[in-house]
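Working notes for the structure below.
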Amino acid sequence: MNAPLKDLGKRVSAALAGRPRQLSFGASARMRASLEGARDLAGNRRGMAEEERVTQGLMALRLQENPDFMRLKYACRGLARAADWDSRRVLADMALVEKLLSRVAALRSDERRFQSCRRSLLAALEEAEALPESSCQEGRAALRRFLE
């Protein structure tokens, strides 16, 4: 377990070798290049993190009465995804779709959070339009009505 971490530490140190220890705001291009080099060595974990967050959001939607904003936002993003062990989609379960849309509608007083969830719902609708499953038709229609 320690060997891979030590190896990663050596590779990051080698990638950042020769870089100034303190970069000023005027050196933003060099700073970005250094960070990109470190990210390349560590691998792009943003995609995995998003997938994990979407799964957590969908589980919170199923299990909690009132999920927090971040989980709600990621549940909106994963609305059309097959996330369960048996590949169920939230979009096919009208009770969950209505629960999600009512939670998002309750955010209308907070414009920033509401728009964030709305963008996630628009992305989910785009994914849902490509689904051939007839079980999601009612959920797609409810989602379209909500977004209009």
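The values are calculated or read from the model by the stated rules, or taken from the named source; none is laboratory data. From a predicted model like this one, the values you see are computed outputs, not experimental measurements. Please note: Cβ atoms are built from the backbone with ideal geometry, for glycine as well, and neighbour counts cover all protein chains shown.
Taken over the stretch 131-140, the criterion of being in a helix (DSSP H, G or I) and under 23 Å from the mean Cα position of the chain (by Cα) is satisfied by Cys136, Gly139, Arg140.
Yes/no matrix, rows are residues, columns are (1) farther than 15 Å from Arg119 by Cβ; (2) crowded, with 18+ Cβ neighbours inside 10 Å:
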{"site": "Val54", "(1), (2)": "no, yes"}
{"site": "Leu58", "(1), (2)": "yes, yes"}
{"site": "Asn66", "(1), (2)": "yes, no"}
{"site": "Arg71", "(1), (2)": "yes, yes"}
{"site": "Ala80", "(1), (2)": "no, yes"}
{"site": "Asp86", "(1), (2)": "yes, no"}
{"site": "Leu96", "(1), (2)": "yes, yes"}
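Of Asp93, Asp84, Asp110, all but one fail to be farther than 17 Å from Arg144 by Cα, modelled with pLDDT under 90 and not small (Gly, Ala, Ser); the exception is Asp84.
Return yes when Lys73 is within 17 Å of Glu52 (Cβ to Cβ), of a type outside the set (Ser, Thr, Tyr) and not in a loop (DSSP other than H, G, I, E, B) and no when it is not. The answer is yes for Lys73. Pairs are defined by a Cβ separation below 6 Å, a sequence spacing of at least 6 or placement on different chains, a first member in the stretch 64-90 that is within 17 Å of Ala142 (Cβ to Cβ), and a second member that is surrounded by fewer than 23 Cβ atoms within 10 Å (Cβ to Cβ) and among the acidic types (Asp, Glu); the pairs so defined are Ala80/Glu127.
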